[in-house]
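The values are calculated or read from the model by the stated rules, or taken from the named source; none is laboratory data. It should be emphasised that the depicted structure is a prediction, and the values quoted were computed from it without experimental measurement. Note that we place each Cβ from the backbone using ideal geometry, even for glycine, and neighbour counts take in every protein chain shown.
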Amino acid sequence: MARWALAIAACLWVALCTAVGPLYWADSSIADFGLANAGYFLLTLLVTLGIVVALVRWANGVPVFGWHRRHGGKVEREPRRLVPMGPRMWAASWALSRPGRAIRAVGRAIGRGIVRATDRWWKVAIILFVGWLWVPSTLLVAYGSDVRSQIREFSWAWNQWTGLKQPYIGFFSFVPMDIYPTAHYLWPAEPTYLTDQHNILLTLLYGAVASVSRYLTGTNDWGLVVLAAGQFLFAVFCCSVTAHRFFDPRAAHLAPADSRIPDSRIPDSLAAATPPRSGAVARVLILAFFLVCPLAVFSTISLTKSPLFAFAFVWWFGVWYELHGDASRGDGTRPRRRTVAAFVVSTCVMLASAKYAWYIILAALVLALIADRRRWHTYAVALLLPVVLIHGGTSLAIASGAIIGGDPIESRGVQLQMIARVAAKDLEAIPQDAKDKLAPSFNLDQMADAYFPQDADPVKSSGIQSKKVSYKWRTVTPEDMEDFNAAWLEIVKASPVVALDAFLAKCFGYFDIADMPYTPMSYYINNDQVQRNSAWIRYYNHDWRDQVSRTVDHLSAIPVLGWLMHGNTYVIATLLIGAAEVVLRRWRTLAWHIPLLLLMGVMVTAPANNFERHMLPVAFVFGFLCVVFARESRPARRHAARRRADEVDPAALEHADAAPARGAARV
């Protein structure tokens, strides 16, 4: 009951987000929840719960749309009555005919060719490289305002190091730290212009490459193109090596010559210790996703922290799958050195690209030690050591005043949206005590004016110099922020419905399959930063960028078909697969999949609703998740098939032998 309760809770959450979607599209309230919304809720609940039930039945080898009758507490299958001829019998009979056998032979030959063409990581890499090559060659690079802010930070720091006088603090001065903004009380006494807002290591990399580009060519553009090309090659590598790990998990445990042996010819003792490799259909579908879906295609050259983190996460996820397979066999196999090295490097790239990565990695460390204590030293070296060195080093640099840490206000997007929505729609409900507590740090009138349901950035004054100053980052002190939580709680108690609206309006799109992305990945290939503010990139295939972006946006808006291009589709599907794994009691696999649930938590607390770049890691590994689910269901399905074969009624077999030999009866 507890397992099913968790699965139903996941379905209820998806159903709620889907039901309230039309309300927030119209800037309405959950108080206006009507019969139509109730219908959406009930329909979504039935569909999602039906998917979970179907996954559980399929994994247990039970017919998804079948039923069984019980006799004396034992489940027995109803014997099928043989129909002399019908559509299904005609199809089965035709399959045994000479044309049918020829077509099946051709299909098997094509399948073997597909498997042979993707049985090495470098073969997969060639396919991805060739299939993706049109992106960097015709679009060069994609980026937004974040990378320009990082370059600006490094440039101001470089000017400081070379002795150029610049304004640092003052009411009329406007330096990079004021753009996000970062409260002045976090600034050190000695001037510094580097921050950890977008992760300091990534800022140093982007800024240094852009500085070299300006020195050699006079513009940042060549440096941005080089960075995009490097990320493109990194994406090809990460996706290819991970695909190989999931396509052929035996490759880590067999000699190269043995890994080509078909599953049917592997000895039983060895087959029990090595999972079967994926078939041609799974390989084609996964590669088609990476080659066609805009989420993956545009991410290869998008210079922002989330795509880089996503590709590193794909690599990290695949390495952990290899270790998960070792732990599942329980034979004490030591991981390969290259596996440990890949685990370390992928962890470091994740930490260097996203600040929230260290939370996910520490949680993964705890789960790994619980599920696989025998290899604790591997996880300590690959997970704990990079966190200590990279995150600890960054914290030390912040404490010493070498760089400026991120403002804690960044993690309070949900609270800010609640306060701002109440101020905009129910100002009279806010108690005077709460207003007094917020006054030193926030301007309620400006918060109400800046409130936007989809995005918390305007409320916290992120943006250019002409922004609304709702967050008093210039004058706020740590003491002023001590009363923030108390004021927020008072406001929520005073207007709970409006506060709930603010929360749901900021995150429902991640779990509403019908919601269009607030910021799709196509934004990064066609925006003012690329098309107008660049030096010469804007002249390179300018119209082609517009055409690609318009085409993708048009296809994305098509109902049902466009869902395959949206990140929230894969988030919802991943959540339902996790619910099925809970019901199936696959605890070790769940421990390996928990980081995906943590990433969904990051989406909920992110500043914007249905921001596709936050969903990239989940979308990229979804296909591999399906492969593992099917692979781990294989023993139960085979056992169920053998059990059904043993329960066949001999009388039914005699009846089948006595039936007219018309082909269908023989089948």
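Do you know which residues across segment 445-460 are surrounded by 15 or more Cβ atoms within 10 Å (Cβ to Cβ) and either free of Cβ contacts under 8 Å to residues at least 24 places away in the same chain or of a type outside the set (A, V, I, L, M) (or both)? 446, 449, 451, 452, 453, 454, 455, 457, 458, 460 - these are the residues of segment 445-460 that are surrounded by 15 or more Cβ atoms within 10 Å (Cβ to Cβ) and either free of Cβ contacts under 8 Å to residues at least 24 places away in the same chain or of a type outside the set (A, V, I, L, M) (or both).
Are any residues in segment 350-383 over 18 Å from residue 322 (Cβ atoms), part of a helix (DSSP H, G or I) and aliphatic (A, V, I, L, M), and if so, which ones? Steps first, answer last, please.
Step one: list which residues in segment 350-383 are over 18 Å from residue 322 (Cβ atoms), which gives 351-360, 362-363, 366, 370.
Those still in the list that are part of a helix (DSSP H, G or I) too: 351-353, 357-360, 362-363, 366, 370.
Correct list: 351, 352, 357, 360, 362, 363, 366, 370.
Among the residues of segment 362-381, not a single one is at pLDDT 90 or above, farther than 24 Å from residue 158 by Cα, in the same structural domain as residue 241 (by TED's automatic domain parsing) and touching a Ser or Thr at 6+ places or on another chain (Cβ under 6 Å). Scanning segment 461-485 for residues that are surrounded by 13 or more Cβ atoms within 10 Å (Cβ to Cβ) and free of Cβ contacts under 8 Å to residues at least 60 places away in the same chain gives 467, 468, 469, 470, 472, 480, 483.
Of the helices (runs of 4 or more DSSP H) entirely within segment 455-551, none holds at least 2 residues that are at positive phi and assigned by TED's automatic domain parsing to the domain that holds residue 290. Could we say that residue 552 is surrounded by fewer than 22 Cβ atoms within 10 Å (Cβ to Cβ), closer than 22 Å to residue 608 by Cβ and either touching a Ser or Thr at 6+ places or on another chain (Cβ under 7 Å) or free of Cβ contacts under 8 Å to residues at least 12 places away in the same chain (or both) here? It is true that residue 552 is surrounded by fewer than 22 Cβ atoms within 10 Å (Cβ to Cβ), closer than 22 Å to residue 608 by Cβ and either touching a Ser or Thr at 6+ places or on another chain (Cβ under 7 Å) or free of Cβ contacts under 8 Å to residues at least 12 places away in the same chain (or both).
In segment 486-511, the qualifying residues are those that are buried (at least 18 other Cβ atoms within 10 Å of the Cβ) and of a type in the set (Val, Ile, Thr), and the one that is farthest from residue 439 (Cα to Cα) is 498. Only a single item in (1) within 30 Å of residue 149 (Cα to Cα); (2) crowded, with 16+ Cβ neighbours inside 10 Å is not met by residue 439, and it is number (2).
For segment 488-502, residues that are among the small types (Gly, Ala, Ser) and over 31 Å from the mean Cα position of the chain (by Cα) total 2. Residue 448 meets the stated requirement of being under 26 Å from residue 610 (Cα atoms) and hydrophobic (A, V, I, L, M, F, W, C).
Quick one: is residue 594 in the same structural domain as residue 18 (by TED's automatic domain parsing), β-branched (Val, Ile, Thr), surrounded by 19 or more Cβ atoms within 10 Å (Cβ to Cβ) and over 26 Å from residue 228 (Cα atoms)? First the steps, then the outcome.
Numbers: in the same structural domain as residue 18 (by TED's automatic domain parsing): yes; β-branched (Val, Ile, Thr): yes; surrounded by 19 or more Cβ atoms within 10 Å (Cβ to Cβ): no; over 26 Å from residue 228 (Cα atoms): yes.
Criteria not met by residue 594.
Among the residues of segment 383-405, is there at least one that is of a type in the set (Ser, Thr, Tyr) and under 24 Å from the mean Cα position of the chain (by Cα)? No, that holds for no residue.
Is there a residue being touching a Phe, Trp or Tyr at 6+ places or on another chain (Cβ under 7 Å) and of a type in the set (S, T, N, Q) anywhere in segment 556-564? Checking segment 556-564: not a single residue is touching a Phe, Trp or Tyr at 6+ places or on another chain (Cβ under 7 Å) and of a type in the set (S, T, N, Q).
May I ask you to list pairs of residues, at least six apart or on different chains, whose Cβ atoms are under 6 Å apart, with the first in segment 343-371 being free of Cβ contacts under 8 Å to residues at least 12 places away in the same chain and the second being assigned to a helix (DSSP H, G or I)? Listed pairs, sorted by first residue: 369/376. When 535, 514 are checked against the criterion of being over 17 Å from residue 609 (Cα atoms), of a type in the set (A, V, I, L, M, F, W, C) and surrounded by fewer than 23 Cβ atoms within 10 Å (Cβ to Cβ), 535 stands alone in meeting it. The residues in segment 436-454 that are assigned to a helix (DSSP H, G or I) and either on the phi > 0 side of the Ramachandran plot or not hydrophobic (A, V, I, L, M, F, W, C) (or both) can be counted, and the count is 5. On the stretch given as segment 93-138, residues that are within 37 Å of the chain's Cα centre (by Cα), in a loop (DSSP other than H, G, I, E, B) and either of a type in the set (D, E, K, R) or at pLDDT below 85 (or both) total 2. Could you go through segment 576-583 and let me know if any residue there is under 20 Å from residue 354 (Cβ atoms) and at pLDDT 95 or above. No: segment 576-583 contains no residue that is under 20 Å from residue 354 (Cβ atoms) and at pLDDT 95 or above. Pairs are defined by a Cβ separation below 6 Å, a sequence spacing of at least 6 or placement on different chains, a first member in segment 26-47 that is assigned by TED's automatic domain parsing to the domain that holds residue 10 and closer than 28 Å to residue 424 by Cα, and a second member that is among the aromatic types (Phe, Trp, Tyr) and at pLDDT below 95; no pair meets this definition. None of 149, 145, 155 is touching a Pro at 6+ places or on another chain (Cβ under 7 Å) and within 28 Å of residue 228 (Cβ to Cβ) except 149.
Yes or no, residue by residue, for (1) within 30 Å of residue 362 (Cβ to Cβ); (2) of a type outside the set (Gly, Ala, Ser); (3) not assigned by TED's automatic domain parsing to the domain that holds residue 348:
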{"position": "412", "(1), (2), (3)": "yes, yes, yes"}
{"position": "415", "(1), (2), (3)": "yes, yes, yes"}
{"position": "428", "(1), (2), (3)": "no, yes, yes"}
{"position": "440", "(1), (2), (3)": "no, yes, yes"}
{"position": "450", "(1), (2), (3)": "no, no, yes"}
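Just for segment 277-327: of the residues that are of a type in the set (Ser, Thr, Tyr) and within 14 Å of the chain's Cα centre (by Cα), which one is surrounded by the fewest Cβ atoms within 10 Å (Cβ to Cβ)? Among those residues, the one meeting the criterion is 306. Report, by residue number, each residue of segment 212-224 that is in contact (Cβ under 8 Å) with a residue 60 or more places away in the chain and either buried (at least 19 other Cβ atoms within 10 Å of the Cβ) or under 23 Å from residue 393 (Cβ atoms) (or both). 220, 221, 224, listed by residue number.
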